[in-house]
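First up is the structure itself, then whatever we jot down about it.
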Amino acid sequence: MTISPALFIGHGSPMNTLEHNGFTNAWRAMGQQMPKPRGLLVVSAHWFFGATAVTAMSRPRTIHDFYGFPRELSEFQYPAPGAPDIAEEVAEAVKPTWCGLDRDQWGLDHGTWSVLAHIYPAANIPVVQLSINALKPLEYHVELGAKLAALGDNGIMVLASGNVVHNLSRVQWNQPDAAFDWAERFDDAVVAQLADSPADILRVTEHPDYELAVPTPDHFIPLLYLAGMAAALGETPEPLIRGYAMGSLSMTCYGVDAAFECSEESGAAGLPAHVPPDQTNT
């Protein structure tokens with residue numbers, strides 16, 4: 001079985017589901033070039049509650065966990081099948097940490113489907129979601145990520161979805177591709193730390209711009225899962241895409257064993273680890 005890569009995707013606005021821009025074009029290029037996994041385990045910033053659980057239903061619903069967006073977005077469906085067997089593999093992999101099997105409550109939220117709508121638009125790969133346990137310290141998530149590293153050997157791709165920098169109170173709606181200096185500094189610090197030692201990713205919490213860049217932990221924690229996996233595998237996460245949105249969002253994406261190339265032929269502007277220049281709607 002082909003070993004599956006692991007990803008962290010900076011997902012940004014849910015409107016990326018419907019838009020064709022530099023970032024979404026690059027996500028599509030990823031899906032076209034990476035090996036097709038047996039299944040997907042997504043760690044989404046938007047399932048943030050007081051337990052560790054994994055979806056285990058056969059037909060997960062598409063959750064529209066937002067408001068104030070166009071009707072077209074609220075009607076969007078991502079009908080990927082679930083995978084109770086993969087959910088059980090996940091629960092087994094993290095033992096002795098307890099992970100509940102959610103058979104009827106959650107589903108796929110926009111942290112998952114806004115990205116998969118581009119990476120795997122056919123929605124034909126089984127998907128399960130892992131919750132982020134809001135009651136646990138940051139170290140817990142790095143350690144849990146390390147336990148998930150072996151899933152790649154079984155053809156399960158782990159995709160973490162959040163944003164390294166995510167401060168909605170500072171969003172500049174009229175500057176779609178801008179970045180505050182503090183956002184760039186913190187994003188650069190994370191790139192440097194992952195290159196030096198992913199096991200020590202929590203050192204970035206001491207950075208002077210951390211509180212501005214990460215006012216709440218929900219969107220930052222998915223990165224910790226990728227860092228934990230990389231440390232367990234002895235690998236270095238590579239920045240695949242770099243860029244910003246609305247001043248206070250980092251769209252940086254990382255991969256472990258997930259090299260790809262953007263090309264004009266595939267409709268993706270720029271090169272890996274570069275800011276996609278075309279961020280306008282089409």
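Filtering Leu194, Leu212 for residues that are surrounded by fewer than 19 Cβ atoms within 10 Å (Cβ to Cβ) and more than 21 Å from Asn133 (Cβ to Cβ) leaves a single hit, Leu212. Being touching a Pro at 6+ places or on another chain (Cβ under 7 Å), closer than 22 Å to Ser44 by Cβ and either surrounded by fewer than 23 Cβ atoms within 10 Å (Cβ to Cβ) or modelled with pLDDT of 95 or more (or both) holds for only one residue in Gly243, Gly228, Gly270, and it is Gly243. When the stretch 197-209 is limited to residues that are surrounded by fewer than 22 Cβ atoms within 10 Å (Cβ to Cβ) and not hydrophobic (A, V, I, L, M, F, W, C), the one that is farthest from the chain's Cα centre (by Cα) turns out to be Pro208.
For Gln33, the criteria (1) in contact (Cβ under 8 Å) with a residue 40 or more places away in the chain; (2) among the polar types (S, T, N, Q); (3) out of contact with any Phe, Trp or Tyr (no Cβ under 7 Å at 6 or more places or on another chain); (4) more than 15 Å from Ala122 (Cβ to Cβ) hold in every case but one, which is (3). Scanning the stretch 96-114 for residues that are in a helix (DSSP H, G or I) and either surrounded by fewer than 22 Cβ atoms within 10 Å (Cβ to Cβ) or of a type in the set (Val, Ile, Thr) (or both) yields one hit, Thr112. Can you find a residue in the stretch 160-177 that is touching a residue at least 24 places away in the same chain (Cβ under 8 Å), in a helix (DSSP H, G or I) and closer than 30 Å to Gly82 by Cα? Within the stretch 160-177 (the criterion being touching a residue at least 24 places away in the same chain (Cβ under 8 Å), in a helix (DSSP H, G or I) and closer than 30 Å to Gly82 by Cα), the answer is no, since none of the residues qualifies. The residues on offer are Glu143, Glu235, and the sole one that is of a type in the set (D, E, K, R), under 29 Å from Val94 (Cβ atoms) and in a loop (DSSP other than H, G, I, E, B) is Glu235.
The values are calculated or read from the model by the stated rules, or taken from the named source; none is laboratory data. Keep in mind that what you see is a predicted model, and the values were worked out from it rather than measured. Note that we place each Cβ from the backbone using ideal geometry, even for glycine, and neighbour counts take in every protein chain shown.
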